């Protein structure tokens, strides 16, 4: 027999609140909104992040770019090739066996500026709609939680 109010079979309790699931859900919603804004500029959130890393560290290696972005070196090569093909990144030494010298082009600077404008609008909307959540997230990208959290 089903519980008419909950829409679940009788005796089934509602799952306990999970802050991890809640954060993932909220994250997915905002990532989709940022992806939609970036799509018009030929970017994804991953490509935007890579482009920003390249701008902040001209000459960055693929290994370091992959480490900072938490992706494989192969994925970094694939994504950077797409950025080069789009005209957003130049590699002054792009030949087999040599270290790369990745730099953001003028077109890349323009698209980053546009993307940062979209991001600022989304940030303002989140801060205005959920100021406590916004404040709680401040700094977590720089010092994320690890598996070694100490009990209170």
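The values are calculated or read from the model by the stated rules, or taken from the named source; none is laboratory data. None of these values were measured; they are calculated from a predicted model. In this analysis, Cβ positions are derived from the backbone assuming ideal geometry, glycine residues included, and neighbour counts consider all displayed protein chains.
Search segment 72-93 for residues that are at positive phi and surrounded by fewer than 18 Cβ atoms within 10 Å (Cβ to Cβ) and pair each with any residue that is at pLDDT 95 or above and part of a loop (DSSP other than H, G, I, E, B) when their beta-carbon atoms are under 9 Å apart and the residues are at least 6 apart or on different chains.
From segment 72-93, the pairs are 87/105.
Under 9 Å between Cβ atoms, at least 6 apart or on separate chains: pull out the pairs that start in segment 25-37 with a residue that is free of Cβ contacts under 8 Å to residues at least 40 places away in the same chain and at negative phi and end on any residue that is assigned to a helix (DSSP H, G or I) and surrounded by 10 or more Cβ atoms within 10 Å (Cβ to Cβ).
Hits for this filter: 31/45; 35/45.
Assess whether residue 116 counts as being surrounded by 10 or more Cβ atoms within 10 Å (Cβ to Cβ), within 14 Å of the chain's Cα centre (by Cα) and at pLDDT 95 or above.
Values: surrounded by 10 or more Cβ atoms within 10 Å (Cβ to Cβ): yes; within 14 Å of the chain's Cα centre (by Cα): yes; at pLDDT 95 or above: yes.
Judged against the criteria, residue 116 is a match.
So for segment 130-143 (the condition being in contact with a helix residue (DSSP H, G or I) (Cβ under 8 Å, 6 or more places away or on another chain) and either at pLDDT 95 or above or part of a helix (DSSP H, G or I) (or both)), does at least one residue qualify? Working first, answer last.
Narrowing segment 130-143 to residues in contact with a helix residue (DSSP H, G or I) (Cβ under 8 Å, 6 or more places away or on another chain): 133-134.
Next, only the ones that are either at pLDDT 95 or above or part of a helix (DSSP H, G or I) (or both) stay: 133-134.
Yes, because at least one residue in segment 130-143 is in contact with a helix residue (DSSP H, G or I) (Cβ under 8 Å, 6 or more places away or on another chain) and either at pLDDT 95 or above or part of a helix (DSSP H, G or I) (or both).
Could you list, in sequence order, the residues of segment 58-71 that are part of a loop (DSSP other than H, G, I, E, B), touching a strand residue (DSSP E or B) at 6+ places or on another chain (Cβ under 9 Å) and either surrounded by fewer than 16 Cβ atoms within 10 Å (Cβ to Cβ) or without any contact (Cβ under 8 Å) to a residue 40 or more places away in the chain (or both)? It would help to see each step written out before you state the result.
The initial filter retains those residues of segment 58-71 that are part of a loop (DSSP other than H, G, I, E, B), namely 58-61, 70-71.
Subsequent filtering for residues that are touching a strand residue (DSSP E or B) at 6+ places or on another chain (Cβ under 9 Å) retains 58-61.
Passing the criteria: 58, 59, 61.
Determine whether residue 55 is assigned to a helix (DSSP H, G or I) and modelled with pLDDT under 95. Quick ask: steps written out before the conclusion?
Working: assigned to a helix (DSSP H, G or I): yes; modelled with pLDDT under 95: no.
So residue 55 fails the test.
Please pick out the residue among 50, 23, 34 that is out of contact with any strand residue (DSSP E or B) (no Cβ under 8 Å at 6 or more places or on another chain), modelled with pLDDT under 90 and under 30 Å from residue 117 (Cβ atoms). Quick ask: steps written out before the conclusion?
Numbers: 50 fails: modelled with pLDDT under 90; 34 fails: modelled with pLDDT under 90.
Step by step, each of 50, 23, 34 is checked, and only 23 is out of contact with any strand residue (DSSP E or B) (no Cβ under 8 Å at 6 or more places or on another chain), modelled with pLDDT under 90 and under 30 Å from residue 117 (Cβ atoms).
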